[in-house]
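A short write-up of the structure that comes next.
The values are calculated or read from the model by the stated rules, or taken from the named source; none is laboratory data. Predicted, not measured: the structure shown is a model, and the values here were computed from it. Here the Cβ is made from the backbone with ideal geometry for all residues, glycine too, and neighbour counts use every protein chain on show.
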Amino acid sequence: MAKLKNIIKQLSEKDFKLIYDSLIESNAEKSAYLLKALRERSLSDSKVMAELEVNANAYYTMRSRLNQRIEEHLIQKMESPRTDILRKVANLNEVLFTNKRTISIATLQKMERELIDRDLASELTVVYKSLKKMNIHSPEYFTYSQLYNRHVAYMLAVDKAEDLLADYFKKYGIFFLSGENTERIGLGMLMKEMQNVARLYESHRLYVFKSCMLVFHRLFVEPDENLESEEEPIEDIFKKVEGIFVTYNLDPLYYHLNLVFEFLRLEYYNHYKVYRQAEKYYEEVNDAASNLLVNYPYYTFSAQFLISKIERHVRLGLEKELYAENESLFQEFEMDTDNLPMYVIYTTYKALSSYYSGRYDEAGKFLNTLLADVSIKKYTYVVLELKTLMALQFVMQREIETFNTTAISIMRGLRSVDEDESSSVFHFLKILKIAVSEAKREKEKKIMVVIPQLKAAKVKHFAPTRLVQIDEEFIKKLISIESF
């Protein structure tokens with residue numbers, strides 16, 4: 001919540017009063033109290049919750065909605081100068097047909113400067129088209145013709161970059177599920193195409209779009225360790241992008257893309273296991289998780305956050321808290337079932353959250369629904385992974401006959417795929433078979449022999465079984481004698 005507190009403390013008196021008054025007018029007295037408390041007092045979360053008489057989930061929701069209200073106010077404020085210049089461009093004919101030529105040209109030139117400051121390429125083409133027309137008998141005609149042509153080309157380049165970004169993350173989803181090398185090569189080609197487009201112009205917007213792709217590519221597709229030393233360091237990219245966002249702080253797109261780069265910073269520090277730094281970004285990204293998943297798949301692979309969230313909670317021993325957090329975090333979340341990778345990851349995340357809270361029947365239902373509702377047969381390894389995860393739920397519920405039937409189906413599938421690629425599933429299933437076997441002796445010892453083999457298995461595709469915490473508690477649950 002540190003960032004929310006900082007934002008509230010940095011609000012001008014005018015902005016603070018406007019937000020506070022709007023909360024009071026809309027009968028959101030508790031949110032108004034929270035706003036005032038975070039600005040004027042240094043209270044712990046527990047103290048604020050006690051004064052508001054709310055539980056942790058209600059407090060979390062209130063804090064998230066307050067953050068959203070502040071964002072809406074700041075965006076509206078940000079849009080005002082931009083809206084003003086766009087309105088002027090929309091009413092350009094009124095200027096051209098009702099004013100003297102010298103006044104019209106002066107007005108157009110002023111609009112040109114304002115549009116350049118805001119990097120509004122599309123609107124600039126309208127202004128240059130008008131300046132070109134008004135100077136048809138003047139030597140300036142050639143200059144404005146060149147500027148018009150250049151900005152049309154630049155506008156198309158920006159559109160191309162944005163399309164490449166969306167296409168890249170769509171294809172990354174396929175690669176994430178399949179692990180196919182041909183998909184990796186395709187991602188590399190899109191990365192090169194984006195770099196070529198970005199080289200066409202000295203453009204901060206093209207640099208930001210390229211950076212969205214490049215940082216992710218170097219973390220998840222072609223790790224930095226494999227790159228040439230002259231490549232721009234990721235830390236430097238972050239600093240440059242941050243500078244662009246500060247310089248163009250009235251740009252609404254940059255305002256929203258800041259979340260993408262907070263997510264990328266989180267994943268960057270996770271990648272290099274600098275977890276203390278990662279924690280600086282986790283809470284802000286987590287607060288906006290629903291928004292990140294729904295509204296940002298065109299700018300990053302936002303589903304990765306759910307995997308990182310499970311890994312973080314397991315690392316910190318907080319995995320049992322996932323289920324309770326989901327109630328407030330995703331209460332207004334609407335899943336796009338056409339986005340297959342997102343749907344698979346989100347449903348698996350929900351299943352694992354249920355598993356870690358001991359709701360094995362619910363976890364199994366999530367997985368069964370996923371396998372029944374969507375067609376993922378072409379992602380054979382993912383299907384085997386999900387079936388194995390479902391088999392774990394049967395073991396935990398002591399439904400041994402159902403487990404045995406599922407295990408036979410998994411083994412049949414393993415025979416038709418590459419042995420190295422499927423070794424993770426094979427070893428995980430082996431652990432489950434040892435646990436349910438009739439032989440009572442040395443089960444723990446036998447499982448301990450398999451665990452290193454499981455951890456050593458390399459996987460290139462989405463492998464949800466790797467998100468299961470295999471520790472002493474896990475083994476004890478599997479082999480508890482009284483349960484069989």
- Selection status of Glu140, outside the structural domain of Leu187 (by TED's automatic domain parsing), touching a residue at least 12 places away in the same chain (Cβ under 8 Å) and over 26 Å from the mean Cα position of the chain (by Cα): no
- Query: Do you know which residues across the range 257-274 are surrounded by 16 or more Cβ atoms within 10 Å (Cβ to Cβ) and more than 13 Å from Phe216 (Cα to Cα)?
  - Reply: Leu257, Leu259
- Taking the range 153-174 as the region of interest, how many residues are surrounded by 19 or more Cβ atoms within 10 Å (Cβ to Cβ) and in contact with a Pro (Cβ under 9 Å, 6 or more places away or on another chain)? 3
- Query: Of the numbered conditions (1) outside any helix (DSSP H, G or I); (2) crowded, with 19+ Cβ neighbours inside 10 Å, Arg205 satisfies every one except a single condition; which is it?
  - Reply: (1)
- Query: Considering only residues of the range 316-338 that are at pLDDT 90 or above and out of contact with any Phe, Trp or Tyr (no Cβ under 8 Å at 6 or more places or on another chain), which is farthest from Glu279 (Cα to Cα)?
  - Reply: Glu321
- Task: Answer yes or no as to whether Glu385 is of a type outside the set (Gly, Ala, Ser) and without any contact (Cβ under 8 Å) to a residue 24 or more places away in the chain.
- Result: no
- Item | Members of the range 324-358 that are among the charged types (D, E, K, R), touching a helix residue (DSSP H, G or I) at 6+ places or on another chain (Cβ under 7 Å) and not in a helix (DSSP H, G or I) | Glu332, Glu334, Asp336
- Task: Go through the range 26-82 and count every residue that is at pLDDT below 75, buried (at least 16 other Cβ atoms within 10 Å of the Cβ) and among the hydroxyl-bearing types (Ser, Thr, Tyr).
- Result: 1
- Message: Quick check on Tyr255: is it in contact (Cβ under 8 Å) with a residue 60 or more places away in the chain, hydroxyl-bearing (Ser, Thr, Tyr) and assigned to a helix (DSSP H, G or I)?
- Response: yes
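Taking Arg87, is it under 30 Å from Asp21 (Cα atoms) and surrounded by fewer than 18 Cβ atoms within 10 Å (Cβ to Cβ)?
yes
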- Query: Is one or more of the residues making up the range 303-318 without any contact (Cβ under 8 Å) to a residue 24 or more places away in the chain, among the acidic types (Asp, Glu) and within 21 Å of Phe176 (Cβ to Cβ)?
  - Reply: no
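Looking at Ala456, Ala435, Ala439, Ala407, which one is under 23 Å from Ile376 (Cβ atoms) and not basic (Lys, Arg)?
Step by step, each of Ala456, Ala435, Ala439, Ala407 is checked, and only Ala407 is under 23 Å from Ile376 (Cβ atoms) and not basic (Lys, Arg).
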- Task: Just give me the residues in the range 166-205 being closer than 27 Å to Lys377 by Cβ and among the β-branched types (Val, Ile, Thr), in sequence order.
- Result: Ile174, Thr182, Ile185
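Each row is one residue, and each column tells you yes or no for (1) in a helix (DSSP H, G or I); (2) buried (at least 19 other Cβ atoms within 10 Å of the Cβ).
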position: Arg218; (1), (2): yes, yes
position: Glu232; (1), (2): no, no
position: Glu235; (1), (2): yes, no
position: Arg276; (1), (2): yes, no
position: Glu279; (1), (2): yes, no
position: Tyr298; (1), (2): no, no
- Query: Only one of (1) closer than 24 Å to Gly358 by Cα; (2) of a type in the set (S, T, N, Q); (3) more than 31 Å from the chain's Cα centre (by Cα) fails for Gln453. Which number is that?
  - Reply: (1)
- Query: Can you tell me which residues in the range 356-382 are under 24 Å from the mean Cα position of the chain (by Cα), closer than 22 Å to Lys309 by Cα and of a type outside the set (Phe, Trp, Tyr)?
  - Reply: Ala363, Leu367, Leu370, Val382
- Query: If we scan the range 97-118, do we find a residue that is assigned to a helix (DSSP H, G or I) and either among the aromatic types (Phe, Trp, Tyr) or assigned by TED's automatic domain parsing to the domain that holds Val246 (or both)?
  - Reply: yes
- Task: Of the numbered conditions (1) under 30 Å from Arg118 (Cβ atoms); (2) without any contact (Cβ under 8 Å) to a residue 60 or more places away in the chain; (3) not β-branched (Val, Ile, Thr), Cys212 fails exactly one; give the number of that condition.
- Result: (2)
